[in-house]
1. Taking the stated definitions as given, is Glu99 open to solvent by 90 Å² or more (accessible area, probe 1.4 Å), within 29 Å of Ile43 (Cβ to Cβ), of a type in the set (Asp, Glu) and within 19 Å of the chain's Cα centre (by Cα)?
2. Limited to segment 16-37, what total is found for residues that are within 27 Å of the chain's Cα centre (by Cα) and either within 18 Å of Ala118 (Cα to Cα) or of a type in the set (A, V, I, L, M) (or both)?
3. Collect the residues in segment 120-147 that are open to solvent by 70 Å² or more (accessible area, probe 1.4 Å) and not in a loop (DSSP other than H, G, I, E, B), keeping them in residue-number order.
4. Let me spell it out: the conditions are (1) open to solvent by 40 Å² or more (accessible area, probe 1.4 Å); (2) in a loop (DSSP other than H, G, I, E, B), and Arg94 meets all of them except one. Which number is the exception?
5. Starting from segment 57-71, take each residue that is under 21 Å from Glu157 (Cα atoms) and among the charged types (D, E, K, R) and list its partners that are assigned to a strand (DSSP E or B) and open to solvent by less than 90 Å² (accessible area, probe 1.4 Å), counting only C-beta distances under 8 angstrom and pairs at least six apart or across chains.
6. Just checking, how many residues over segment 79-90 are more than 30 Å from Arg40 (Cα to Cα) and crowded, with 16+ Cβ neighbours inside 10 Å?
7. Using beta carbons and a limit of 8 Å, which pairs, at least six apart or on different chains, have the first residue in segment 1-20 and within 17 Å of Leu32 (Cα to Cα) and the second one charged (D, E, K, R) and open to solvent by 100 Å² or more (accessible area, probe 1.4 Å)?
8. Considering only residues that are hydrophobic (A, V, I, L, M, F, W, C), under 11 Å from Val60 (Cβ atoms) and touching a strand residue (DSSP E or B) at 6+ places or on another chain (Cβ under 8 Å), which ones fall in segment 122-177?
Amino acid sequence: MTNSTHLEEKTVSSEQIFDGKVVKLFVDKAELENGDIVSREVIKHPGGVCVVPLDEDENVIFVRQFRYPHARALLEIPAGKLEFGEKHYDCGLRELKEETGCTCDKYDYLGLLLPTPAYDSEIIHMYLARGLHEGEKKLDEDEFLDTEKIPLEKAAEMVMNNEIEDAKTQLAILKTVIFLKRNY
């Protein structure tokens with residue numbers, strides 16, 4: 001790995017221009033390695049978690065929910081935003097229970113992703129849940145979704161055929177396939 005410390009940018013100033021329920025928007029001034037000062041717009045997000053719930057028949061339990069910015073319902077794995085002070089491990093288990101009604105015996109960390117690192121601080125942690133026990137969903141008051149089971153191999157094909165568009169779902173499904181092939 002090469003030394004890339006020369007690529008670092010130093011924050012000179014930071015101004016918060018929006019304070020929302022989910023995100024905060026900042027306009028920063030940053031100094032480049034050549035001394036130039038540039039403007040950087042940054043969305044600060046608390047981060048989130050997504051979980052691949054895989055049943056004993058190797059079906060993934062997906063959720064389908066309306067996503068306002070895209071004006072349609074998307075197929076995704078269960079996911080949610082971290083609450084202040086919450087550990088991502090716990091958040092994933094909470095979201096699994098809330099959105100699918102499931103608890104699990106085995107819960108493996110698949111890693112993290114930076115969905116849009118150019119302007120957003122969000123980090124999404126990915127988990128695989130196995131040994132599922134189905135129960136009752138506990139959706140938030142303003143949350144509406146349907147669940148559906150799709151075989152893991154078919155889900156991977158759907159990712160490759162652009163039938164699943166959500167980035168966290170794409171990556172977590174493909175990582176799950178590789179994780180299982182390596183006999184973890």
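1. Working: open to solvent by 90 Å² or more (accessible area, probe 1.4 Å): no; within 29 Å of Ile43 (Cβ to Cβ): yes; of a type in the set (Asp, Glu): yes; within 19 Å of the chain's Cα centre (by Cα): yes.
No.
2. Here is the first cut: in segment 16-37, the residues within 27 Å of the chain's Cα centre (by Cα) are 16-28.
Then keep just the ones that are either within 18 Å of Ala118 (Cα to Cα) or of a type in the set (A, V, I, L, M) (or both); that gives 16-17, 22-28.
Total satisfying the criteria: 9.
3. Of everything in segment 120-147, those that are open to solvent by 70 Å² or more (accessible area, probe 1.4 Å) and not in a loop (DSSP other than H, G, I, E, B) turn out to be His133, Asp146.
4. For Arg94, the exception is condition (2).
5. Note: pairs meeting the criteria are Asp57/Pro151; Glu58/Pro151; Arg64/Ala73; Arg64/Leu74; Arg64/Leu75; Arg64/Glu76; Arg64/Thr147; Arg64/Glu148.
6. The initial filter retains those residues of segment 79-90 that are more than 30 Å from Arg40 (Cα to Cα), namely 89-90.
In the following step, the residues that additionally are crowded, with 16+ Cβ neighbours inside 10 Å were identified as none.
The number of residues fulfilling the criteria is 0.
7. His6/Glu33; Leu7/Glu33; Glu8/Glu33; Glu9/Glu33
8. If the condition is that a residue be hydrophobic (A, V, I, L, M, F, W, C), under 11 Å from Val60 (Cβ atoms) and touching a strand residue (DSSP E or B) at 6+ places or on another chain (Cβ under 8 Å), then Leu128, Ala129, Leu132, Ile150, Leu152, Ala155, Met158, Ile164, Ala172, Ile173 are the ones that fit.
The values are calculated or read from the model by the stated rules, or taken from the named source; none is laboratory data. Keep in mind it's a predicted model, so treat the numbers as computed, not measured. Note that we place each Cβ from the backbone using ideal geometry, even for glycine, and neighbour counts take in every protein chain shown. Heavy atoms of the whole protein, side chains included, go into the accessibility calculation; ligands, DNA and RNA do not. Shrake-Rupley method; radii C 1.70, N 1.55, O 1.52, S 1.80 Å.
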